[in-house]
Structures are given as C-alpha cells and as structure tokens.
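A short write-up of the structure that comes next.
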Amino acid sequence: MPKTTDEYLRRIGGLNVLFAASSVGLLLITGLMVYDDYNRSWKDYQKRFIRLEAEKTRAQIKSAEETVDQKGMAALQEELKEARAALDQRGRELETARKRLRDIETANYRDDLSFRTIKSTFDARKFDYEEARHDKASSTAAYEKEMDDLEKRLEVLRVTLLEHAKDKTAAETSLRDLTSQRDAAQKKIDDLNAGVDRLQKKLQKVAPRGFMRVAIDLLNAPVLDFVAPTLRIQQVVLDQNPIDIHFTRIPRADRCQTCHLAVDKAGYEDAEEPFRTHPHLDLFAGGSSAHPVDRFGCTPCHRGRDRAVEFNYATHMPDGTAQREDWGKKYGWERDHYWEQPMLARSRIEAGCLKCHQNVVSVPKAPRLNRGLELLDRVGCYSCHKIEGWNDRPKVGPRLNRIIAKATPEWMSRWIRNPKAFRPSTRMPRIFGLPNNQAPDDVDREEAEILGVVAYLTDKAEALAYPRLPGKGNAARGEKLVKSVGCMGCHAIEKDEAAPGVLQARNRREVADPVAWERRFGPDLSRIGSKAKPEWIYQWIRNPRAYNPDTRMPDLRLTPEEALDITAYLMTLTDDSPVAERASAPRPHPEARDRTLLAYLSQREPPDDAKASLAKMSDREKDVLLGEKTIGRYGCFGCHLIPGFEKTPPIGVDLSEEGSKPADLLLFGYAPIEHTSPAWFFQKLKLPRSFDEGHVAEFYDRLRMPQFEFTDEEAGALTLVLQGLTKEKVPLESIRRLSARDQAIEAGRRIVRDYNCHGCHILEGAGGAIRQSLVRNFMAEGRTEDEATSMAASIAPPIIDGEGAKVQPEWLFGFLKAPSPIRPWLAVRMPTFHFSDAQASTLVHHFAARENTVFPFQTFDQVPPRGAALQAAVKMFSPDYFNCWNCHQQGARKPQGPPEGWAPDLTLAHERLNPDWIAHWIANPQKLMPGTKMPTYYDPEDMKGSAPPDVLGGDPKRQIDLLRDYVFTLGQKRAANMGTQP
Amino acid sequence: MTTFPALTAFVRKHGISTAVLLATALAPAFAGDIVGKVKYAGTAPTPAKIAVTKDQAVCGKAEHSDESLLVAADKGVKNVVVNIADPKDGKKMAAPPKNSTVDQNGCKFLPHVQIVAAGAPIDIVNDDGILHNIHSFPKNNTPFNKAQPKFKKVMTEKFEKADVVQIKCDVHTWMSGWIIVADHPYYGLSDASGSFKIADVPAGTYTLDYWHEKLGKQSKQVTVPATGSVTADFEYPAK
C-alpha cells in the first residue's frame, strides 16, 4: 500500500477508485439524462399514430385491390404476354429500328455541336467586324470574308439538322408502331392499378421497410435524433393570435398537433383520441374551413398551455366527475394551478367563441352559448353588472316612477317579498328571504325593508291617476281578442295553456317551461287582474308609450271598445293560487326598522348624532329613508327607473373580463364545490348567497345578488357566457370583419331580438311562437292537434324569410312605421312599434341584404299589357280560368263569403311587391310559403301540361310574365308613377 | 287438360296478374273476416246546416250540412275507418283497376271519406265547372295545394305512404273530405248503419284501430279465426 509522500499528497489508489466510481456514475447519469430526454410521451403517440395510419393504408390497399376488376386484369396480363411474344418474334426488326434511331440521334448530336461551335465563332467575328468597321480599320475586309465563309457552313449545317429531325420522327414512329401493342396493354394495367400504386407508395412512406426503416430508426435514435428525426414536435406559431403572459403578448406556439395528429385530416372520425379528426372539420381546423389550423391553431379557442406536449401539462380539463376519475387512473391527472387559462372542458368549448364573435346576436353553430346570450339579454345581467358590449342596453324592468297608477302598495309589498310566488315565470329575481338573511332579526328587518321600499316608491312616484273607465267591456269578447289579435306572441296565459301538474313541476324547475320562450318576452297574464288596476290596463293597452316611453310593448291599434273588452277580460284573470302558497304581506316592525336605520346612519355620523336625527323623523319619513337605503343597497335601479336613482351607477361587479379571472381570486367560502371558475359561476347563478354560509357579516356586508331560480340548463348556458368574457385582446386580423352586407343583417337581427319579432313571425328558421297559442285555441274548440296545427298555420302571421326579395323597400319602410292590414282574413294584427326612422331603415336593410337586393331605392319597368295581351290577361283572371277575384280583394270590391276566405288586395301589389317575386309566386306559391292558401296553378312537375292551353299558345312562361305585368298594373293610375315609363 | 284452354282464355282476357290474384284468393287460405258495427254512446247530433257563402249558382243547388259526425238512429256511426294496425303477411293493397276518384260536386267532396291504396293514382274530378282548389293536409306525404279551374276537369294525384289526409278547398272553406291511404288490404269503412267488414284476414291476433275524424282513434285487440268471421263491435264514448 503506497504511503502519502511529499510527491503524492493523496493516496493514489483511493483516488483511482474514487475517480473510477465517479466516472461510472457520471456515465450512468448521462445515460439516464439521455434516456429521460429521449423518452417523451408524445413520441409514443406518434408511433401509435404511424401504426394506425399504416393499418388504415393497408386496409385501403386491400379494399382498393378488391375493387380492381380481377377478371379484366387477367385478360390484360394475357394481352400483354401475347404482345410481348409477338414483339420477340420481330426481334431483328426491332433491333434495326432502335439502331437507326440511335444513329440518327448520334449524328444529330454531332452536327448540333458543330453548329453551335461555328455559331459562336461567327458571333465573335461579327463583333470584330463591327468594331473594325466602326474604327475604319484595315482588317474590316478580312473579317467580312471570314464571316461569309462561316455563314455558308452554318446554313449547310442548319439544313442537315432539319433533316435529322425529320428522320428522327420517322424512326420513332416506326419503332412505336412495333411496340404499340405492348405499350397499350401495359398502360391499361397501370391505369387499373393506379389507385393501389398510389396507396402502396403512401404505405412505403408511412411505414417504410428494409433499408429505409433502418435509416429512419437511426435518425430517431437517442443522441442522433438531433439531426433530422422523423418523430418530432409539430407546432404552429400564431403571430396573429398572441397569448398574454405576464403583461407581454407573445405569439402562441401551438404544439397540440404533436399528439392530435389527425385533427385536420378527414378519415379519422372514429379513431380513438388523440387521433380523432376534428368533429366539425368544415368549420374548424380544416384547410378550407373558417378557422384553419395553420392560422388559428387550437389554443386560441380551446385554451390550455400552447407549448405543452404532455397530457397534464397541456391542462386538459375533464368533463364531469366520471372523466376526471378516468383520467386520474389513466394519466394521473390533477388540476394545474399554474396556468391561468386551463383548457375548456368539452361541453364548455363554445365559451371560446365569444372573444372574437362579439357584437353579434348569436354565434353560428354554438347553440348553448347562444342560449346563454339570449338569457343574458332577457334577464338583463348587464343591468347590475357592467359588461363590455352590453353598455347601452335598455333597462329590463318596467319604470317605477308612476307605479301608484298601476298597482296597490299591498300588492307591491307581496311582489317584492317573493315575485315568483305571484308569477312563477317572472324574470324578476327574488331578493328577500334568502338563506343569508334567516336569523329572527333578519326576518323582521327584511319585512321592514320591503315596506320601506314600497313607502319610498309610492312617496316618490309621480301622482298619476287615470280617469274612470269610459264604459263596461265584455270579457268574453275580450278573451277572444287577447287570444287572436296578437297579444299571445309575447305573452301567455299559462293557466289556460298547461295542466296545473305541469306548471307545478315547472315551478320546481323539474320540467321545461311549457310555454315557448318567445312568449315569455312579456309577463304571463294569468293573474294580471290581481295586480294591475283596470284604469291602468285600459290606458296601457291603448297606448303603452304614454305610461312608459321606453317600453317595447307595441300598440295594437285597439279601438276604445276593444280595449274595454280586453280590460274586462284581463280583470277576470285573478290570483287563483292557494292562499298558503302566496307571499303574505309584510308586517311593520318599527323596532327593527329603527335599528336598521341606526346602523346605516352610524356609518356616517357618531351613534349619538344618528340617534338624535332618527328621533326627529316621523314614521313615514323613517320608512321612506329605509326604502331609499334598501334600494341603494340592492341596486333595484339597475333594472327599474326609480326616481332619485336616475344617475346612480349599478352595483354589480364588472363582468367584462370575468372569464379570465383565476379561480383563486374568487371567494369560495365554505361552498362544497370544485375550486374552478366555471363551478363558481354555476353556484353563484344557482344559489347566489350560498358563499355567505359560515361567514360572520353585518347585514349590509352580506352578499346581495338576488336569486333568479335558473334551471341547471340556464345556469350552465350563462356560465358559458361568463367563461367566454375574457380580457384577451384579439388582433383585428384574426377577427372576421363583417362585410357591409353582414353588418346590415346583424343590425337587423338585433332589432328582431329586441322587439321579439320571433314571437309572431318565422324568420331564419325560428320563431312563430304565437302558433302555439293559436293551436291551443283550436284544440279548445275540440280539434285534434294535427288539425289545429294545420289550421293555425293558415291564420298565423306570415313567414317573413325572403321578405327582401318579395316587397319593395320603400313600402316595407312605410309599413313598419305605420302598418296597415294586408291580409283581411287574419285576426292577428301587425302592431305599431313606433320604430324610429333609423330602426325601420335597419330592418328594411336587413331584409334587402339577406336577399341581396338593392337598398333603399328600386325602380321597376313593368310595361302595362295592352291590346291582345291585356285581353289575354283579363281572360286568365276570369272565373273560367284562374278566377283570381274569387278570393283576392280588388280595391273596394270585396270577394264573396267571409273574410277568412279572402286574399290580399291585388291593387296594392304595385306599391308593395317586387314584380320578380310576383312571377315566382304565381309559378309556385307553396315553395315560397309552405301551407299557403294560394293554390298552385302551374304544376311544378308539368308546367306546360297544367297551363291553360288556349292562352298565349299555352306557354306557361309567357303566361306568368303577363300575369306579373298585369298584376303590377292593377290599381295604378294610368301607369303614372311607373319607374321608367315616360 | 280440359281446363287448359279455358285458363288460357282467361289469362288472355284478364291478364296474368288477375289470374294469379284469383288463384291466390281461391287457394285454401286460413283466413277469416272481421265484421262489426261502430256506435256512438252519446246522443246523435243533428248535422248543422252550412251556409253557402260563395258561388251560390253552383254551390247553392243542394243543401250543405256538416258531415263530420253522422250517427244513425240506432247510434251506428258512418265513415269510421277500421284497420289492422299490425298486419303480419306483408301484403300490399292493390291498386284498383279503375282509379279512385274524389268528385267535387256541388261544392262537396264525394265521397266524404274513402280508402285508397298507397301509390295508386287518384282522379280528382271537378264537376262543378268553377274554380276549386284541392289542398291536402297529410302527415306522412308531401302536402299539395293545387288549383283546379274550369278548364282542368280531372287532375291525378297520388300518396306514396300510408296516411290520413284531410282535403280542403280554400275557395269554399266548408268543403272537407278525407282520404285514407292504405298500404295493406286490411281496411274497412263503416256504412251509414255503422257496419264494416274486413275480408280475408289471415288467422291471428291483431290490434284493430278505429279512426273517426271527430271521435278520434281508438284501438282494441281482435283474434281472427282460421275460417268464418269474428265480430269486433265498438262504441265510442260520448263526447
């Protein structure tokens, strides 16, 4: 054993062992590092996908081979064999022909080369000559001579080359003649095999065999794989869809396709994840879709960590408990707290649309999100919460500045206590009596507060008293009117329309509302007689705007008699609910009131001063003050116009960027829910006060959001909207900019939504809700449902898709401003909405844009038929032919029979209709308006056969054009105002 | 051999298909008839008079009354369609040799209710010489609404699928009729006394549907014997 000496300060042996051990250790660790770096889960996915693709290609090859006509193939092979044999017999001939071609090509090559060489010499000499001549040098003549010689040789060679070309063509032709049979057979075989060959080539590329396979394995081998691996991360860099990381916007680098390899390829619809094709390839990911993957990637819509290539790191979010447990087992999934925008769970994906699709009424192909947007508009979340994009929306509740003319204080207090007890379908949420105010003190305080609110409202309301009714109406006639003139497009009388059991189940939120959504636009009228004073109803229905200039309730142009009848009927609709279920009127609690007021006043002044000022007040003053404080605290003025609060800003939190709020900024309290923002939103919507549970807080510090009684479906849809409201700023390049036409359409849609056109009209495939009521009317008369449905279709308001092509824009504008009846048989009336010029123009433009017709001015150059043409038109109109006047009104001349059987006044057609539409309509009315009473005169399958044979040679086209021109002349004063007529 | 020339002559005269049908019908089949009478428990209503409001000259010739519920003195109901809901032999209803017709005569549809074979042409005749329009309200077929002016005396239509189709005329709103489109032969229509018969039903147990335009649809079970007939009376409850 060597000792430590001066020369060796360490024990060499020991050091050797140490170094040897550490180098081995280092080697091992390096190996481990290489392995760890090499072993990535995405590589396994890519290998699996290669196997899948190969399998698929093999299956395709197999099916392609099966489709190849085997019998035909055998015959072709035989043909090829014979052709080859025949060619073999003429071997010498073939050899000679080939040799000849070769010889010609050789000679051609040689002569071509000499030609080019001489040509370049010639060009050089030409240059020399030109230079010499310019310099007037003595060598000019010598150069000229040389040039001439060269030119002669060039000409000889040029001719020779032309001859070679001719010979070559001849030689090729004779060679082709010899081999033509064989070549043709081979080509046929190749054509037949083309599909299979292509697939074989693909297979070789996908799953190479032999040398290529070894080469690829080497390229993908550890350490070597830095050169050019075939397994590699697939990424798209999205400059135009940046991501905000710590206040810096950087381009996204979406690597999702590293594993989701077929997301933009058709054909993998049934493959297991992550290899499935995008389920809406026409809309997303596909190259020709609106959102191609190279431009939009995945995370701009789906969210999640763009650069991640590992399942958990990408922040995949499970959809429900079952999937969460499944993922826990499969991938060890757990929530990643370090990424603020986790991926949207599958059922919540529509939330991703909203950041780009803004300022639209609805987003295409996003039904749940649209439902949320519709709810947001309807319940008016924006009334209390500022939401960017919903800034200037009208208040959702009625104005309360004249409430004493409408309802009694007693009714008001019961209503405020629990609106849904009186009207279960109301939009007004419940504010009082919720779980965070249930202590005995709270109950007394709330009763005092409710009475205070009523005191405030009645104290501040404009003293408006309506005169007594001018007479007594007939309730039976009133009922008929309410159920036929159009009220039921926006309102319902649910107790007449659904069984009590169904309604009770609906109240418990167990079944969907039996009344159509559009008919919940206005309040349910089932108990209106217990709410509103008859004098108010009479004035209101006659002119809603007199009471509330902002109301969206239109004017149905009711006569005083009609209004009296309707009032009489509505007053019969009283509260029929069991007394036990009604909200009782609150009792006064002076002590609780004073205590509460003291608490408020003490916030601003010393308690003794507060007591002193309170002592000075009368009971009424105290009530009114408590009402003011309560209205201020609960923000009633968000939805209602309340005197004294006209300028007060709403009380709710700004929701414009709610979807970007990380879950840890939300107060979960002790609510037993998952700590994610969607779960919090859902809970907040369902049980808004539940986050107070377990907390200690003064009444004025408790949660204030009222309870809307949303169903799970509704709360889920609104949660989607909240998730979609993010702070992400999308660059303009990525947002689809609406064309002028799209903007016109969209602006119209806004009005259609705001005025509930869908309550009566079918438009863009939706609406026509009033039919529900009309069907029930007929069923109440003993008709079967089928019968009632078809009868309702013939008296329902018209389907207005295609209106832009049908009517003249000027007419439509005038009609929207001041509707006049067109269809005398309809009891239902187009109301007067008192649209502004801007609104009416927007609607007309909407219809014109949808049909690509001209807005706003159009001229028509219909020439009135004269002479023989006029006679033919009159003949076609006559009773023995189309008998048009049998149903159609002709100005003041009415058809026979009751108005149900009448049809529109044709003398108005020239003011109203587009002549092209008239022709389309005559040709096939059922196509334009399925179910119309206008019969089809020309059988679409046999136009010629069904045309009157003795008019205009039985030519349907000419007949229809004539009818169009004639209809367009009716009622015109000598064609005075006809477009291009002189 | 003696029958041979006779058979040849028959085929020559009536066509092979008729011969085959005849042969099938004559074959010893285990089939029975369903007969019965449909009654109405309520009091027989007096059909309301219908006021003619248009084209008096043609439509006003005869009196019009509501035909939607016709009950005889002994409570038998006319125009009840009785059919097997679940036939098992897959037999199709054959088109009649002559087209079924709907006649518009005196501004009425004649007959008021009739059964036609699915896919068979139906002649719609306008005997009135004024404008009618025939507007169908089918559930399973494509609806149509075709004008039939004077110059178009006959139009031919067909319904491809089994259905209950109401037909109306929008010009004369009181006109109403029903076409029952049958895709199998086991259908019967009650006469003025409420009696009906469905012939040659293969033996077995079936669900029998009773349909009436006003009284609605009701069903009951029936077992058809191998020979003879089964009685399947039915009474609609009072409305």
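Each value in this text was obtained by applying a stated rule to the coordinates, not by laboratory testing. Worth saying up front: this structure is predicted, and the values here are computed from it rather than measured. Neighbour counts are summed over all protein chains in view; Cβ atoms, including those assigned to glycine, are modelled from backbone coordinates with ideal geometry.
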Task: Computed FRET value (nearest 0.05) for A:K386 with A:A585, which takes r as the C-beta separation and R₀ as 30 Å - done: 0.25
- [ ] State, to one decimal in nm, how far the label point of A:T859 lies from the label point of A:T169, with both points 7 Å from Cα in the Cβ direction.
- [x] 6.2
TODO: Could you calculate the FRET efficiency of A:T67 with A:H695 from 1/(1 + (r/R0)^6), where r is the beta carbon distance between them and R0 is 51 Å, rounded to 0.05?
DONE: 0.10
Open item on the list: What is the distance in Å between the Cα centroid of the range A:267-302 and that of the range A:875-929?
Closed with: 51
- [ ] Compute the Rg to Rh ratio over the range B:110-158 from the alpha carbon atoms, using the Kirkwood formula for Rh, and round to two decimal places.
- [x] 0.96
Task: Residue-averaged beta-carbon neighbours from other chains (10 angstrom radius) around A:926-939 - done: 5
TODO: For the range B:105-239, go through all pairs of different Cα atoms, get the mean of 1/r, take its inverse, and jot down that Kirkwood value in Å.
DONE: 16.7
Task: Per-q log10 I(q)/I(0), the range A:458-546, q = 0.21, 0.23, 0.24, 0.25 Å⁻¹ (Debye; single scatterer per alpha-carbon; no solvent) - done: -1.14, -1.26, -1.32, -1.39
Task: Between helix A:740-754 and chain A: long-axis angle, C-alpha atoms, 0 to 90°, nearest 10 - done: 30
Open item on the list: Taking 8 Å as the Cα distance limit and 6 or more residues as the minimum spacing, I'd like the relative contact order of chain A as a percentage.
Closed with: 9
Open item on the list: Highest mean first, how do A:380-393, A:599-612 rank when packing is the count of other Cβ atoms within 10 Å averaged over residues?
Closed with: A:380-393, A:599-612
Task: Whether chain B is rounded, prolate or oblate, judged on the alpha carbon gyration tensor where a/c under 1.5 counts as rounded - done: oblate
Task: Kirkwood-based shape ratio for the range A:259-376, expressed as Rg/Rh from alpha carbons - done: 0.97
Open item on the list: Using the crude model of +1 on Lys and Arg Cβ and -1 on Asp and Glu Cβ, and no other charge, please compute the dipole size for the range A:281-425 relative to its Cα centre, in debye to 20.
Closed with: 940
Task: Local electrostatic count, A:S530, Cβ distance below 14 Å [Lys/Arg +1, Asp/Glu -1] - done: +3
Task: All aspartates and glutamates inside 12 Å of A:K875 as judged from Cα atoms, apart from same-chain residues fewer than 8 positions distant - done: A:D950
Open item on the list: Run the Debye formula on the Cα coordinates of the range A:883-982, all scatterers equal and no solvent, and tell me log10 I(q)/I(0) at q = 0.12, 0.21 1/Å.
Closed with: -0.44, -1.21
- [ ] Could you let me know the centre-to-centre spacing of the range A:615-694 and the range A:712-785, using Cα atoms, in angstrom?
- [x] 28
TODO: Calculate, in whole percent, how much of the Cα-Cα pair population of the range A:309-447 lies beyond 17 Å.
DONE: 75
Task: Average beta-carbon neighbours from other chains, 10 Å sphere, peptide B:131-137 - done: 6
Task: Highest average packing first - A:834-841, A:538-545, Cβ atoms within 10 Å - done: A:538-545, A:834-841
Task: DSSP bridge pairs, the protein assembly as shown: antiparallel proportion in percent, nearest 5 - done: 75
Task: the range A:351-499 - percent relative contact order, Cα under 8 Å, separation 6 or more - done: 20
Open item on the list: Can you show me the helix-derived [θ] at 222 nm for chain A, built from DSSP H runs with n ≥ 4 at -39,500 (n - 2.57) apiece and divided by the number of residues, rounded to the nearest 500.
Closed with: -15500 deg cm²/dmol
Task: Residue (of A:L26, A:Q46, A:T57) at the positive-pole extreme of the range A:1-122, dipole from beta-carbon charges - done: A:L26
Task: DSSP-defined beta bridges in chain B - what % are antiparallel, rounded to 5 - done: 75
Task: Over 23 Å (Cα to Cα) - which of B:K108/B:K152; A:K933/B:K158; B:K92/B:K158; A:K265/A:K365; A:K927/B:K92 fall in this group - done: A:K927/B:K92
Open item on the list: What does the extension gain come out to for A:D282 and A:D664, with contour length at 0.36 nm per residue minus their alpha carbon separation?
Closed with: 133.7 nm
Task: Calculated from backbone phi, Karplus (6.51, -1.76, 1.60) coupling profile of the range A:562-570 in Hz, x at Gly/Pro - done: 4, 4, 5, 4, 5, 4, 4, 5, 4
Task: Alpha-carbon centroids, the range A:461-515 and the range A:22-71: separation in whole Å - done: 68
Open item on the list: How charged is the neighbourhood of A:R417? Take every other residue with its Cβ under 9 Å from the Cβ of A:R417, and add Lys/Arg as +1 and Asp/Glu as -1.
Closed with: 0
Open item on the list: Contact order normalised by length for the range A:84-192, with contacts defined as Cα pairs under 8 Å and 6 or more residues apart; what percent is it?
Closed with: 43
Task: Equivalent ellipsoid semi-axes, the range A:198-344, via Cα gyration tensor eigenvalues times 5, rooted, Å - done: 29, 19, 19
Open item on the list: If packing is taken as the average number of other Cβ atoms within 10 Å across a peptide's residues, how do A:129-141, A:926-938, A:637-649 rank, most packed first?
Closed with: A:926-938, A:637-649, A:129-141
Task: ³J(HN,Hα), Karplus 6.51/-1.76/1.60, whole Hz, each residue of the range A:858-869, x for Gly, Pro - done: 9, 10, 10, 10, 5, 9, x, x, 10, x, 4, 5
Open item on the list: Binning at 10 angstrom from zero up to the longest distance, how are the C-alpha pair distances of the protein assembly as shown distributed in percent?
Closed with: 1, 6, 10, 12, 13, 14, 13, 11, 7, 5, 3, 2, 1, 0, 0
Task: Estimated inter-spin distance, A:E810 and A:R737, nm [label 7 Å along Cα→Cβ] - done: 3.5
- [ ] Mind sorting A:F127, A:F778, A:F432, A:F857 by how few other Cβ atoms lie within 10 Å of their own Cβ, fewest first?
- [x] A:F857, A:F127, A:F778, A:F432
Open item on the list: For A:K684, give me every one of the lysines with a C-alpha distance below 20 angstrom, ignoring sequence neighbours fewer than eight places off in its own chain.
Closed with: A:K386, A:K420, A:K661
Task: Local net charge near B:L131, Cβ-Cβ under 15 Å (Lys/Arg +1, Asp/Glu -1) - done: +3
Task: Per-residue mean of C-beta atoms belonging to partner chains within 10 Å, peptide B:140-146 - done: 4
Task: Label-point gap, in nm, between A:H337 and A:R393 - each point 7 angstrom along Cα→Cβ - done: 3.5
